[in-house]
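Below is a structure I'd like to ask you about.
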Amino acid sequence: VFFWNEWKLLFQISGAAAVRIEEAVRKAHCRVAWIDEDGFMGQYIGFLKQRGVRVVYNTHNIQSRLNDETRRLIAWPKTGLTRSIAHRIQFGLEAMHERFFFGRADRLCYCNETEASYYSRFIPKERLFHLPNVAAVPQNGCHRVAAAPYPYIVWTGTLAAPFHWQGLRFFLREVWPVLSREFPDLHFVVAGWSGARDLSSHESLGRVPAR
């Protein structure tokens, strides 16, 4: 049952979603569609292209690896062998989805060089487009923060995700020392579940309950 449910989720098109997409394409005379991945939506690329719609597919890191790393840190310690095997099957199906569908998009956007290296194995490089998920801060941005009534920089989100952890480590290693020297009253706080990550040298709120 687990395998079949995952297969349907990753490789079949929802009838209800197909109806809504068909209606949107017809009413808006759509010629280009942007799919912003939150999960796995590759099976809709071909559906759209059959209707004369070009597709730009925007990824968020390498989702199959991100999910696998998150399951390893969060779910595996609390589950037995059977569920751990199911997680490996799930990872395999997700990676298969990426390889089977993503190359059908007219353009595939990626955030970082790790993604570029992964996707270029099965997608022509001329169809890959670098779209970083950060924006440059104006040079005087730090001064505005330091002058605020509460001079805090807050990092939010789960650090179980490896890309979040890598980004935080880069910030602590390359950026925070410069800021803390120039603005000694500035505070840096990490809010969110850190899993097994060591944040003992910085202020951390741990898991913050929803309100």
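Specify the residue that is nearest to D106 (Cα to Cα); the eligible residues are those in the stretch 26-62 that are at pLDDT 95 or above, of a type in the set (V, I, T) and in contact with a helix residue (DSSP H, G or I) (Cβ under 7 Å, 6 or more places away or on another chain).
Going through the qualifying residues, I end up with V55.
Does the stretch 107-123 hold any residues that are in contact (Cβ under 8 Å) with a residue 12 or more places away in the chain, over 18 Å from the mean Cα position of the chain (by Cα) and open to solvent by 30 Å² or more (accessible area, probe 1.4 Å), and which are they?
Kept after step one, since they are in contact (Cβ under 8 Å) with a residue 12 or more places away in the chain, are these residues of the stretch 107-123: 107-112, 114-116, 118-119, 122-123.
Of the ones still in play, those that are also over 18 Å from the mean Cα position of the chain (by Cα) are 122-123.
F122 - this is the single residue of the stretch 107-123 that is in contact (Cβ under 8 Å) with a residue 12 or more places away in the chain, over 18 Å from the mean Cα position of the chain (by Cα) and open to solvent by 30 Å² or more (accessible area, probe 1.4 Å).
Further question: Can you name every residue in the stretch 85-94 that is touching a Lys or Arg at 6+ places or on another chain (Cβ under 9 Å), open to solvent by 20 Å² or more (accessible area, probe 1.4 Å) and not aromatic (F, W, Y)?
Selection gives Q90 alone.
I'd like to verify a number: residues in the stretch 134-157 that are at pLDDT 65 or above and surrounded by fewer than 16 Cβ atoms within 10 Å (Cβ to Cβ), how many?
The initial filter retains those residues of the stretch 134-157 that are at pLDDT 65 or above, namely 151-157.
After this cut, where a residue has to be surrounded by fewer than 16 Cβ atoms within 10 Å (Cβ to Cβ) as well, the list is 151-152, 154, 156-157.
Number satisfying all stated conditions: 5.
Another question about this same structure. Please tell me if F102 is among the aromatic types (F, W, Y), open to solvent by 30 Å² or more (accessible area, probe 1.4 Å) and under 24 Å from H164 (Cβ atoms). Before you say what the answer is, go through the steps one by one.
On the way: among the aromatic types (F, W, Y): yes; open to solvent by 30 Å² or more (accessible area, probe 1.4 Å): no; under 24 Å from H164 (Cβ atoms): yes.
Considered against the rule, which asks whether it is among the aromatic types (F, W, Y), open to solvent by 30 Å² or more (accessible area, probe 1.4 Å) and under 24 Å from H164 (Cβ atoms), F102 comes out as no.
The values are calculated or read from the model by the stated rules, or taken from the named source; none is laboratory data. Remember, predicted model here, so these are calculated numbers, not experimental data. As a convention, Cβ positions derive from the backbone with ideal geometry for all residues, glycine included, and neighbour counts pool all protein chains shown. Accessible surface is based on the protein model in full, side chains and every heavy atom, while ligands, DNA and RNA are left aside. Shrake-Rupley method; radii C 1.70, N 1.55, O 1.52, S 1.80 Å.
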